[in-house]
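Written below as structure tokens is the structure these notes are about.
Please treat every number below as a calculation from the coordinates, not as lab data. Everything numeric in this text was worked out from a predicted model, so none of it was measured. Heads up, the Cβs are rebuilt from the backbone with ideal geometry, glycines too, and the neighbour counts pull from every protein chain shown.
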């Protein structure tokens with residue numbers, strides 16, 4: 001499928017790289033189809049790009065890069081909704097906010113996005129009573145070896 005992107009122009013996205021949100025990203029309930037885009041110059045960050053809106057794309061990051069021991073409890077209902085049969089196929093990302101001052105960049109560790117890479121179903125969770133912050137300062141983690149062995153998913157490379 002060819003999608004339009006304000007940031008990247010036209011992109012060809014293989015059908016098996018399409019992501020369907022079973023529960024939308026908060027504040028973007030009208031968008032349900034996305035793709036993950038990898039740009040070498042952005043590593044370790046990715047773009048979670050809307051297929052439906054050429055202007056909507058989120059910078060995301062595997063939270064294990066920030067906190068090696070990042071763990072969330074997911075109830076069986078959530079697993080069932082994403083039709084997860086293989087836990088190793090579940091990828092976890094957090095949305096990153098980059099303000100005018102990049103030193104204040106933060107990640108929402110309390111609202112992870114789970115993607116079942118086997119079928120492309122995804123959802124954003126809201127962790128209640130979590131030890132994680134909505135605004136986890138990324139620059140506080142720079143230089144930490146956490147996540148250095150984390151395996152990267154296979155997003156679309158452009």
In terms of the alpha carbon gyration tensor, root eigenvalues a ≥ b ≥ c, rounded if a/c is under 1.5 and otherwise prolate when a/b exceeds b/c or oblate, region 42-135 is oblate
If 46, 8, 58, 34 are placed from fewest to most neighbouring beta carbons inside 10 Å, the sequence is 8, 58, 46, 34
Most fluctuating of 85, 97, 20 in the GNM of the chain (C-alpha, under 10 Å) is 85
Dividing the mean separation of Cα pairs under 8 Å (6+ apart) by the residue count of the chain yields a relative contact order in percent of 24
On each of the three principal axes the extent of the alpha-carbon atoms of region 85-128, given in whole Å and largest first, is 41, 22, 14
Helix-only [θ] at 222 nm, the chain, -39500 (n - 2.57) per DSSP H run of 4+, per residue, nearest 500, equals -1000 deg cm²/dmol
Footprinting proxy, 131, 126: sorted fewest to most Cβ within 10 Å, the residues are 131, 126
The chain: antiparallel bridges as % of DSSP beta bridges, rounded to 5, reads 85
Each label sits 7 Å from Cα toward the beta-carbon; between residue 7 and residue 78 the label points are separated, in nm, by 2.5
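Could you put 105, 137 in order, starting from the residue whose Cβ has the fewest other Cβ atoms within 10 Å?
Details: 105 18, 137 14.
Ranking 105, 137 by Cβ neighbours within 10 Å, fewest first, gives 137, 105.
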Hydrodynamic radius by Kirkwood for region 1-66, inverse mean 1/r across distinct Cα pairs, in Å, is 12.5
